[in-house]
Amino acid sequence: MIKGFKEFILRGNVIDLAVAVVIGAAFTAVVNAIVTALINPLIEIFYVPNENGEFGPSFTGIYGQEVVFPLGGLLTAVISFLAVAVVVYFVFVYPMNHWKARAAARAGVAAAASDEPKLPTEQELLVQIRDLLERQNKQ
């Protein structure tokens, strides 16, 4: 029972998902604070926020109302996603993959994988299909 649980937990996708959820939730607050403190003020240099606090390029709509494309929210979401993805990958996923590769090498899986027969390339397969079709048409 413990061995089965260990195999389940050591599957890469389960650990990757758990780590991504935990670190993503914790790191989102940090990234949002950085974006709010640094990126949004830089955007406000070029665009004045409207009464709703949105800032970005504004245009007059077809009915005369002001339409603002809020860049702050978009940049916050993009930067948050990229920052969380980078941290999760380099702090957790990359070391886990490295650990798995070392464990597989110790178990001899890497040596067995190199003994597999080489599969034909796409070009070789196409040549074989062409030759078969030519032979079939001649008959």
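Assorted remarks:
- Inter-residue pairs, beta-carbon under 8 Å, first within 15 Å of Ile43 (Cα to Cα) and without any contact (Cβ under 8 Å) to a residue 24 or more places away in the chain and in segment 58-87, second hydroxyl-bearing (Ser, Thr, Tyr) and surrounded by fewer than 16 Cβ atoms within 10 Å (Cβ to Cβ), 6+ apart: Val68/Ser58; Phe69/Ser58
- Whichever residue in segment 110-128 is in a loop (DSSP other than H, G, I, E, B) and of a type in the set (D, E, K, R) and, among such residues, is modelled with the highest pLDDT: Lys118
- Unmet requirement for Val78, which otherwise passes all of (1) aliphatic (A, V, I, L, M); (2) under 15 Å from the mean Cα position of the chain (by Cα); (3) within 16 Å of Val22 (Cβ to Cβ): (3)
- Considering each residue of segment 73-83 in turn, none proves to be more than 30 Å from Val35 (Cβ to Cβ) and either in contact with a Phe, Trp or Tyr (Cβ under 6 Å, 6 or more places away or on another chain) or surrounded by 13 or more Cβ atoms within 10 Å (Cβ to Cβ) (or both).
- For segment 33-63, taking the residues that are in contact with a Gly (Cβ under 8 Å, 6 or more places away or on another chain) and outside any helix (DSSP H, G or I), the one that is surrounded by the most Cβ atoms within 10 Å (Cβ to Cβ) is identified as Phe55.
- If you go through segment 15-51 and pick out every residue that is more than 16 Å from Met96 (Cβ to Cβ) and hydrophobic (A, V, I, L, M, F, W, C), you end up with 17.
The values are calculated or read from the model by the stated rules, or taken from the named source; none is laboratory data. Nothing here was measured: the structure is a model prediction, and the numbers come from that model. Virtual Cβ from ideal backbone geometry, glycine too; neighbours counted across all protein chains shown.
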